[in-house]
1. How big is the Kirkwood radius of the stretch 60-123, worked out from every pair of different alpha carbons and given in Å to one decimal?
2. Any chance you could run the full-extension gain for Asp109 through Gln141? It's 0.36 nm times the residue separation minus the Cα-Cα distance, nm to one decimal.
3. Rounded to the nearest 5, what % of the DSSP beta bridges within the stretch 129-203 are antiparallel ones?
4. Could you tell me the convex hull volume per residue, in Å³, taken over the Cα atoms of the stretch 101-212?
5. Relative to the Cα centre, what is the charge dipole magnitude of the stretch 129-203, using +1 at the beta carbon of each Lys and Arg, -1 at the beta carbon of each Asp and Glu, and rounding to the nearest 20 debye?
Amino acid sequence: MMRGTRFRQVLVGLGAALIVVISTSMNAVSSSGLPPEDVSDRRMSAKEALHMDAEATGVAPEQLNWETEFSELVTSYSMDQSRGYSYSEIVAPREAVLAFSGVAPEGLDEKIATLGGRVKVLEHTGFTELEIQEAAGRAVQVVLDLGATSVLAIPDARDRIITVSFSGVALDAAELGRVQSIIEDDVLGGGLAAAGFSVDFEESGAAVFEADDLARGE
């Protein structure tokens, strides 16, 4: 999904993930909040739900249906760690990128052909979705340990950067440099660093995420 447009990164399983979910079964409800008497037992068809969501989002039903099917394909790989899923991205109508840490899984070409559209497959990225999720979590903990009360780490797999926003603690340039070195050495490790990942820090005047006791104890 391109920056500045409706099409933005689809990172299934990440906090920044965007998956279009189509409701295939929805009870009809009147403006009073009660089911109309003549349709109380009628359930909305998948086609009707698709058109309703298309009207709500301003996206053509055909495109919305394609995005849903693409998201389902992505999910089938992201849920299986052995497939080495890295990330996916819808870049234009019926056009997307699907990336893997190593070689693409067997049978992917056939599934893409069935899906239609244009899906560019990237191989050998050198990282998986799980690895960047874990790195983002470790980055949060490093900043929490410095006394921050609010920390949020957002990984961007396409641009290969983890943006860490924090509040509640003042860090000068030297301290930020030291923390960044710790994260790049210990959090990114050899793998993600070799894959081109870096860390960017943003100090916020407002809370970005309230850390609870569980987060502090990890």
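Read-outs: derived from the displayed coordinates by stated rules, not from any lab. None of these values were measured; they are calculated from a predicted model. Neighbour counts are summed over all protein chains in view; Cβ atoms, including those assigned to glycine, are modelled from backbone coordinates with ideal geometry.
1. 11.8
2. Length gained, Asp109 through Gln141: 7.5 nm.
3. Once the DSSP bridges in the stretch 129-203 are tallied, antiparallel ones form about 55 percent.
4. 126
5. 60
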